[in-house]
Amino acid sequence: MKKIPLCILLFIAASGSNCDLPVFNAEARVPTAGSRQVEIYAKQFSWTIRYAGVDNVLGGSSYKLITEKNPLGLDSADVTGYDDIIVTDTFFLPVDEEAEISLHSRDVIHSAYLPHFRAQMNVVPGMTTKFSLRPEKTTKEMRTNQNNPAFDYMLLCNKICGARHYEMKMKVVVGTREEFSHWLKRHETFIKVHPPQQPNGTEGDGSEQK
Amino acid sequence: MATDMHAHSELHAQTLEHDAHVHHGHDDHDHHETFISKYVFSMDHKTISRQFLVTAVIMACIAMIMSIVFRLQLAWPGEKFAFINAIMGDKWGKDGVLDPNAYLALVTIHGTIMVFMVLTGGLSGTFANLLIPYQIGARDMASGFLNMLSYWFFLLSSVIMVISLFIQDGAASAGWTIYPPLSALPEAMPGSGAGMTLWLVSMSAFIVSSLLGGLNYIITVLNMRTKGMKMTRLPLTIWALFVTAILGVLSFPVLFSCALLLIFDRSFGTSFYLSDIYIGGHPLDQTGGSPILFEHLFWFLGHPEVYIIILPALGLTSEVISVNARKPIFGYRAMITSILAIGFLSFIVWGHHMFLTGMNPFLGSVFVFTTLLIAIPSAVKAFNYITTLWKGNIQFTPAMLFAIALVSTFISGGVTGIILADSALDINIHDTYFVVAHFHIVMGVSAILGMLAGVYHWFPKLFLRHMNKNMGYIHFWITFICAYGVFFPMHFLGLAGVPRRYYQNTAFPMFDNLQDINVLITWFAIIGALGQLVFLFNFFYSMFRGPKSVQNPYNANTLEWTTPMAHTHGNWPGALPEVHRWPYDYSKPGEEKDFIPQTVPLRAGEEDGGAHHA
């Protein structure tokens, strides 16, 4: 009689551990090669998104390199970061493409919560956390399906982070590959915004920042 | 000192000869007792239990008022309330609107007070002190002095926590879980300054209190049981309080180490929890640490803590249900095994609070498994309560209603735990109102219901009088209905993605049509809070003017009902009772009366029920 709950439990545990969900299955969670590299950067009280650019490699960064013009602390000595694109208004993802998202925090623990995608991951200062996401429906499709022309995907903060935790948000948009490229082109790459020069105009290796 | 010698000779005599020292005369005092030594710095377990109870009731009122303040803000964000200005003052409740930093301070201190002061100090502190010496047949705890210290450290920690509310920059506000770096850096939020320091001081005192109490309870249960009181003749209340004390002694020191490292990071420049931080316009020096270390240390206590809270409530429920159903508790041995299993398993599930910290999913699945396992002994207990009620001769006292209600909330809150235990499902509901609903129903409401069952049932032992029954019924129904009314709708908010610790939900259009649910919740909260006034009046009035009780008002079997109806130092004037049977001989087949106290010897040929009632 007492064995019945145990058997039911073992069945639930076993069938759950057999599942193919990438997030739950250690083998399947290795991201697809070539998946789009994106960084979600969290700070009190806003989100910043960094796209890896043409080389699909996110440039190195360090909190010691943070300045007003370089809010993510990208290392100007690392050429892979030159084509990175930093965006503060919208998180745009192309539909049907896997994005591998790296998460960094500037100050305290935050949590990137995307409820419509059933995705969430803590953003912890001092380490990199990751999750992968493959959007299946564009924002337009959702607006039609939900019968709500004002629908938008959202990125929320879901770990208490201070006074304005409740309004730390970013709009998320899912569109076609073309719409995405078109949108991305309107933003400048890191090297354009932050050329590796000393403020007095002479060329420098850019590694000495305050 | 005379008192110490008296206490020492007590223990000595008791462990050697149980009935040979009648001349010790415990109702007249060998040592001179003043008002201070009798009622204030008392070393008598009965007085100490009352002190714990009254302090916990006051702290619960403070925490509940806080919850009404923040529920008003959640239901009607930005609206002006004179009540908010009255409670919070002009700085934090300017124009009757709650300040966002103050909101976070309220939820933090509400959680801290409820989890620690009310449900640990108020449950364990009150009932372990009241029931352990009584129900095992001892004159007092092993060390009356340490016991007294345990209460005074508890009071000290409560007072410091309340003082922290008046700090200029605000009380601790990083959630009751106080994760660093938010709780380590005053630049991150104002409450992480002096308010957080006082929180840490208060909690250090609280941990001392818990450890002193817990050690006492363990030693007393093991060493001071009266003749014939085998471990398998102990009431389940004692088993529950005993295992709870063991859990506390093993886990509170880890919380202390966790807090100590945080104190170091805050004040001495260390980097246990801090690395790679840029805040306040400059990078911090600390490198190499990790906030995840804090989470591990915190939850290593945090999870056993919730069982430290619920086990005493379950133990009290076993007693109240059995007495008021006039039936032995079903599955006495299984109940003991379940308590032990819950105690053991509670140490290997803590990672389920950390599924989303970037943990390897395989490790996550290990914690999923252990967390699902712990549901089994919990379910065994729930089944056993229900089976005990089945075909019982049920006496519907207010205590019984609260005990039965605990079975209801323990089950409904417990099943959402199964959902949260699954690390895949947790992704979408972690840190949302689904979690708030779960832990309030399974732990908050259930433990409070158990505590109230205990207060109503043992009021005659606490205060020699009865509480008013009709007020008890009114209090019960308001509490039970409003508890579900407040917390059940929160499941839907959580599934819809509403996060915890949000000052308001107005920043997200997707939550607009859920605002009515918040209004409903707040109304239930207000009515529920007002309903507690009935209890408060009943409790304090009956203490002095309630109808006097007889010695054994419920015809119960356990030893506390064999003591005189006057507070007797040493509990039994004359010899200690001798125990011959287990405590659950209710409606024993073939017996004339429907109860047989533990002190009644077995007749020739009669078997002890505990021998084969598994």
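Does A:E98 satisfy being away from chain B (no Cβ under 14 Å) and modelled with pLDDT under 95? Working first, answer last.
Details: away from chain B (no Cβ under 14 Å): yes; modelled with pLDDT under 95: yes.
So A:E98 fits the description; yes.
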Condition broken by B:M467, with the remaining ones in (1) within 30 Å of A:K169 (Cβ to Cβ); (2) in a loop (DSSP other than H, G, I, E, B) satisfied:
(1)
Residues that are within 18 Å of B:S318 (Cβ to Cβ) and open to solvent by 20 Å² or more (accessible area, probe 1.4 Å), drawn from region B:573-587:
B:S587
With the requirement that a residue be of a type in the set (S, T, N, Q) and either assigned to a helix (DSSP H, G or I) or at pLDDT below 95 (or both), what does region A:133-146 give you?
A:T139, A:T144, A:N145, A:Q146
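Would you mind stating whether A:K130 is in a strand (DSSP E or B) and within 12 Å of chain B (Cβ to nearest Cβ)? Steps first, answer last, please.
Numbers: in a strand (DSSP E or B): yes; within 12 Å of chain B (Cβ to nearest Cβ): yes.
Yes: the conditions hold for A:K130.
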Subset of region A:144-158 that is open to solvent by less than 10 Å² (accessible area, probe 1.4 Å) and facing chain B (nearest Cβ under 7 Å) - its residue that is nearest to A:V95 (Cα to Cα)
A:L156
All but one of (1) over 25 Å from B:G175 (Cβ atoms); (2) more than 14 Å from chain A (Cβ to nearest Cβ); (3) not in a helix (DSSP H, G or I) hold for B:G269; state the number of the condition that does not hold.
(1)
Over region A:60-105, the set of residues small (G, A, S) and part of a strand (DSSP E or B) is A:S61, A:A99, A:S102, A:S105
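Taking the stated definitions as given, is B:L449 over 30 Å from B:H569 (Cα atoms), among the hydrophobic types (A, V, I, L, M, F, W, C), within 14 Å of another protein chain (Cβ to nearest Cβ) and in contact (Cβ under 8 Å) with a residue 24 or more places away in the chain? Even if it seems obvious, please write down each step before you answer.
Details: over 30 Å from B:H569 (Cα atoms): yes; among the hydrophobic types (A, V, I, L, M, F, W, C): yes; within 14 Å of another protein chain (Cβ to nearest Cβ): no; in contact (Cβ under 8 Å) with a residue 24 or more places away in the chain: yes.
The answer is no for B:L449.
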For region B:175-204, which positions are open to solvent by 10 Å² or more (accessible area, probe 1.4 Å) and in a helix (DSSP H, G or I)?
B:P190, B:A194, B:T197, B:L198, B:V201, B:S204
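Suppose the filter is within 13 Å of another protein chain (Cβ to nearest Cβ), out of contact with any helix residue (DSSP H, G or I) (no Cβ under 8 Å at 6 or more places or on another chain) and open to solvent by 10 Å² or more (accessible area, probe 1.4 Å); does B:N513 pass it?
Numbers: within 13 Å of another protein chain (Cβ to nearest Cβ): yes; out of contact with any helix residue (DSSP H, G or I) (no Cβ under 8 Å at 6 or more places or on another chain): yes; open to solvent by 10 Å² or more (accessible area, probe 1.4 Å): yes.
Yes; evaluated as a whole, the condition is true for this residue.
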For B:T506, all conditions in the list (1) without any contact (Cβ under 8 Å) to a residue 60 or more places away in the chain; (2) open to solvent by 20 Å² or more (accessible area, probe 1.4 Å); (3) part of a loop (DSSP other than H, G, I, E, B) hold save one; what is the number of the exception?
(1)
Residue list for region B:115-174, filter: open to solvent by 20 Å² or more (accessible area, probe 1.4 Å), more than 24 Å from B:K38 (Cα to Cα) and of a type in the set (V, I, T)
B:I160, B:V162, B:I163, B:I167
Do we find a residue being under 15 Å from B:A240 (Cα atoms) and more than 10 Å from chain A (Cβ to nearest Cβ) anywhere in region B:349-367?
no
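What do you reckon, is B:F537 aromatic (F, W, Y) and touching a strand residue (DSSP E or B) at 6+ places or on another chain (Cβ under 9 Å)?
Numbers: aromatic (F, W, Y): yes; touching a strand residue (DSSP E or B) at 6+ places or on another chain (Cβ under 9 Å): no.
The answer is no for B:F537.
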Which numbered condition trips up A:T129, out of (1) β-branched (V, I, T); (2) free of Cβ contacts under 8 Å to residues at least 40 places away in the same chain; (3) more than 30 Å from B:F355 (Cβ to Cβ)?
(3)
Note down all Cβ pairs under 6 Å where the first residue falls in region A:108-119 and is more than 7 Å from chain B (Cβ to nearest Cβ), the second is of a type in the set (D, E, K, R) and outside any helix (DSSP H, G or I), and they're at least six residues apart or on different chains.
A:H110/A:K159
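With respect to A:P135, determine if the residue is in contact with a Leu (Cβ under 6 Å, 6 or more places away or on another chain) and more than 7 Å from every other protein chain (Cβ to nearest Cβ). Before the answer, list the steps.
Values: in contact with a Leu (Cβ under 6 Å, 6 or more places away or on another chain): yes; more than 7 Å from every other protein chain (Cβ to nearest Cβ): yes.
Yes; evaluated as a whole, the condition is true for this residue.
Looking at this structure, is A:K140 of a type in the set (K, R) and buried (at least 24 other Cβ atoms within 10 Å of the Cβ)?
Details: of a type in the set (K, R): yes; buried (at least 24 other Cβ atoms within 10 Å of the Cβ): no.
No; evaluated as a whole, the condition is false for this residue.
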Could you please find all residues in region B:274-284 being at pLDDT 95 or above, outside any strand (DSSP E or B) and open to solvent by 30 Å² or more (accessible area, probe 1.4 Å)?
B:D276
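Among the residues of region B:149-189, which ones are hydrophobic (A, V, I, L, M, F, W, C), over 24 Å from B:L261 (Cα atoms) and over 19 Å from the mean Cα position of the chain (by Cα)?
Keep residues of region B:149-189 that are hydrophobic (A, V, I, L, M, F, W, C), which gives B:149, B:152-156, B:159-163, B:165-167, B:171-172, B:174, B:176, B:178, B:182, B:184-185, B:188-189.
Imposing the further condition that a residue be over 24 Å from B:L261 (Cα atoms) reduces the set to B:149, B:152, B:155, B:166.
Listed by number, the residues that qualify are B:L149, B:F166.
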Every listed condition ((1) touching a residue at least 12 places away in the same chain (Cβ under 8 Å); (2) open to solvent by 20 Å² or more (accessible area, probe 1.4 Å); (3) within 14 Å of another protein chain (Cβ to nearest Cβ)) holds for B:L493 save (2)
The residue that is most open to solvent (accessible area, probe 1.4 Å), considering only those in region A:159-191 that are more than 8 Å from chain B (Cβ to nearest Cβ) and in a loop (DSSP other than H, G, I, E, B), is A:R186
Counting only residues in region A:45-70 that are more than 16 Å from the chain's Cα centre (by Cα), surrounded by 15 or more Cβ atoms within 10 Å (Cβ to Cβ) and of a type outside the set (S, T, Y), the one nearest to A:K192 (Cα to Cα) is identified as A:N70
Hey, among the residues in region B:326-375 that are of a type in the set (G, A, S) and over 25 Å from the mean Cα position of the chain (by Cα), which one's surrounded by the most Cβ atoms within 10 Å (Cβ to Cβ)?
B:G364
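Going by the structure shown, is B:I178 more than 13 Å from chain A (Cβ to nearest Cβ), under 29 Å from B:K91 (Cα atoms) and out of contact with any His (no Cβ under 8 Å at 6 or more places or on another chain)?
Details: more than 13 Å from chain A (Cβ to nearest Cβ): no; under 29 Å from B:K91 (Cα atoms): yes; out of contact with any His (no Cβ under 8 Å at 6 or more places or on another chain): yes.
No; evaluated as a whole, the condition is false for this residue.
The values are calculated or read from the model by the stated rules, or taken from the named source; none is laboratory data. Just so it is clear, the structure is predicted and the values come from calculations on it, not from any experiment. Please note: Cβ atoms are built from the backbone with ideal geometry, for glycine as well, and neighbour counts cover all protein chains shown. SASA here: full protein model, heavy atoms, side chains in, ligands and nucleic acids out. Shrake-Rupley method; radii C 1.70, N 1.55, O 1.52, S 1.80 Å.
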